[in-house]
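Please read the structure below before turning to the comments.
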């Protein structure tokens, strides 16, 4: 299963949701499928996409928020899983693409390549519904279910270590940042 | 433990008066009473993080979604959060109110706090982060409000150092250990 297939399968479902991605392939591929102003690509500060998504979701409890993350980023901020279990609100879904490598820096294996199971870690934090999917259809169904679940959710997608030909995005990160905040301001913050 | 509950109330009241609706924090002995006030306040969302850099990310997200946030951490947590501050908040021009307990400065009795104490002000200066001290109870509310104004007009982090004189006034007279 490729990440791009997964993202294509849920792109329509993400309309209206605020989406926060980590850097690299997730950002470039989501952008390539069609940018929306409610998509925010965290191009650095590796590990913090999930923390940023938590802040967005807590500030706007009436908006669905989806974090699109990677195994390397989660491993860099593993405590985030405990924080999300404790404070993750019902409007927040954490989706992790696990390709087992640091793809954007050349493909060095991450610990998940040796069997570290981030879904098991998430379950251990108390997210009983945390699960792993390995097919695009299963992924799309799980994302839809999670976005409608009415509770904080964790989903891990096992994907191939394949990314886009280029990580370049024709969108300056500040342009993205200001347009995202403006798009979100259509709904009141708590 | 000589932490002043009165000062904690003044600091928390100043955050509320400045419009803070979300507090992202990691406990430290001077901050514990401030964080407890946030936890007991039904109008404020408290996020207790596992490591301080997460709090930077949470506050960034809150700002992007329109909520005013404060980050509460010890100065050693500031040291641990540098990449989030630089490659998150500063790169993306996101205002942050950093409320930092100023351990390891004048009057510190715990040896383990002293290296971080020496590094705190030079680090903030190196990052180009405007900082000020909260020292007298009478000035806290105005200074917190002014810090929020500057953070939001400059789209940058601003740090307020919670000094020993403010948080532990007793220890100015009779030095003793404060705990971790």
Of the listed peptides B:152-162, B:20-30, what is their order by residue-averaged count of other C-beta atoms within 10 Å, with the highest listed first? B:20-30, B:152-162
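Order these by the 10 Å Cβ neighbour count, fewest first: B:81, B:4, A:105. All intermediate terms of the calculation are to be shown ahead of the outcome.
Working: B:81 27, B:4 18, A:105 9.
Least to most surrounded, the residues fall as A:105, B:4, B:81.
Quick one, can you get me the convex hull of the C-alpha atoms of the range A:105-187 expressed as volume per residue in Å³?
On the way: hull volume 14.1 nm³, N = 83.
Spread over its residues, the Cα hull of the range A:105-187 gives 170 Å³ apiece.
Using only the Cα atoms of the protein assembly as shown, construct the convex hull and provide its projected area averaged over every direction, in square nanometres to one decimal.
Approximately 17.6 nm², given one-decimal rounding.
For the range A:40-123, what number results from the quotient of the Cα radius of gyration and 2.2 N^0.38 Å?
Working: Rg = 12.9 Å, N = 84, 2.2 N^0.38 = 11.8 Å.
This ratio for the range A:40-123 stands at 1.09.
Given R₀ = 56 Å, FRET efficiency for residue A:149-residue B:106 by Cβ-Cβ distance, to 0.05? Please list the in-between numbers first.
Details: r = 52 Å, r/R0 = 0.93.
For residue A:149 and residue B:106, the calculated efficiency is 0.60.
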Residue A:116 and residue A:190 label points (each 7 Å along its Cα→Cβ direction) are spaced in nm at 3.1
For the range B:75-180, what is the largest minus smallest coordinate of the Cα atoms on each principal axis, given in angstrom and ordered from greatest to least? 44, 30, 18
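So if each residue of separation counts as 0.36 nm, and I subtract the Cα-Cα distance between residue A:78 and residue A:12, what length gain in nm does that give? Write down the numbers at each step before the final one.
Working: separation 66, 0.36 × 66 = 23.76 nm, distance 2.97 nm.
Separation in residues times 0.36 nm, less the Cα-Cα distance, equals 20.8 nm.
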So, in nm, how far is label residue B:121 from label residue A:129 when the simple model puts each one 7 Å beyond its Cα toward the Cβ? 5.2
Percent of all Cα-Cα pairs per 5 Å bin for chain A, counting from 0 up to the last occupied bin, reads 1, 8, 18, 23, 23, 16, 8, 2, 0
On average, how many beta carbons from a partner chain sit within 10 Å of the beta carbon of a residue in A:68-81? 2
Apply the Debye scattering formula to the range B:18-84, with a single equal point scatterer on each alpha-carbon and no solvent, then give log10 I(q)/I(0) at q = 0.18, 0.24, 0.28 Å⁻¹. -0.60, -1.03, -1.28
Suppose R0 equals 22 Å. What FRET efficiency, 1/(1 + (r/R0)^6) with r the Cβ-Cβ distance, do residue B:130 and residue B:82 give to the nearest 0.05? 0.85
Measure nothing but the geometry: give the 0 to 90° angle between the long axis through the Cα atoms of B:114-127 and the longest principal axis through the Cα atoms of chain B, rounded to 10°. 30
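How big is Rg to Rh over chain B, alpha-carbon atoms, Rh as the Kirkwood inverse-mean-distance radius? Show your work: numbers first, answer last.
Details: Rg = 14.8 Å, Rh = 15.9 Å.
With Rh from the inverse mean 1/r over Cα pairs, Rg/Rh is 0.93.
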With Cα coordinates, the longest principal axis of chain B makes an angle with the long axis of helix B:140-154, in degrees rounded to 10, of 30
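Taking the Cβ of each residue in B:41, A:170, B:136 as the centre, tally the other Cβ atoms inside 10 Å and list the residues starting with the fewest.
Details: B:41 15, A:170 7, B:136 12.
Ascending Cβ contact count within 10 Å gives the list A:170, B:136, B:41.
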Can you pull the one-decimal nm distance between simple spin-label points at residue A:32 and residue B:17, each 7 Å off the Cα toward Cβ? 5.4
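Counting partner chain Cβ atoms within 10 Å of every residue's Cβ in B:40-48, what's the average? Display every interim value, and only then the final one.
Details: counts 0, 0, 0, 1, 1, 7, 2, 9, 4.
For this peptide, the per-residue mean of nearby foreign Cβ atoms is 3.
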Roughly how tilted is helix B:52-64, in degrees to the nearest 10 and between 0 and 90, from the longest Cα axis of chain B? 40
What FRET efficiency do you get for residue B:150 and residue A:162 if R0 is 41 Å and r is their Cβ-Cβ distance, rounded to the nearest 0.05? 0.35
Ascending count of other beta-carbon atoms within 10 Å, so fewest first, for A:110, A:119, A:153: A:119, A:110, A:153
Within 10 Å of each Cβ in A:168-180, the average number of Cβ atoms from other chains: 2
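A short reminder: the numbers here are calculations on the coordinates, not readings from a lab. In this text, all values refer to a predicted model and were calculated from it rather than measured experimentally. As a convention, Cβ positions derive from the backbone with ideal geometry for all residues, glycine included, and neighbour counts pool all protein chains shown.
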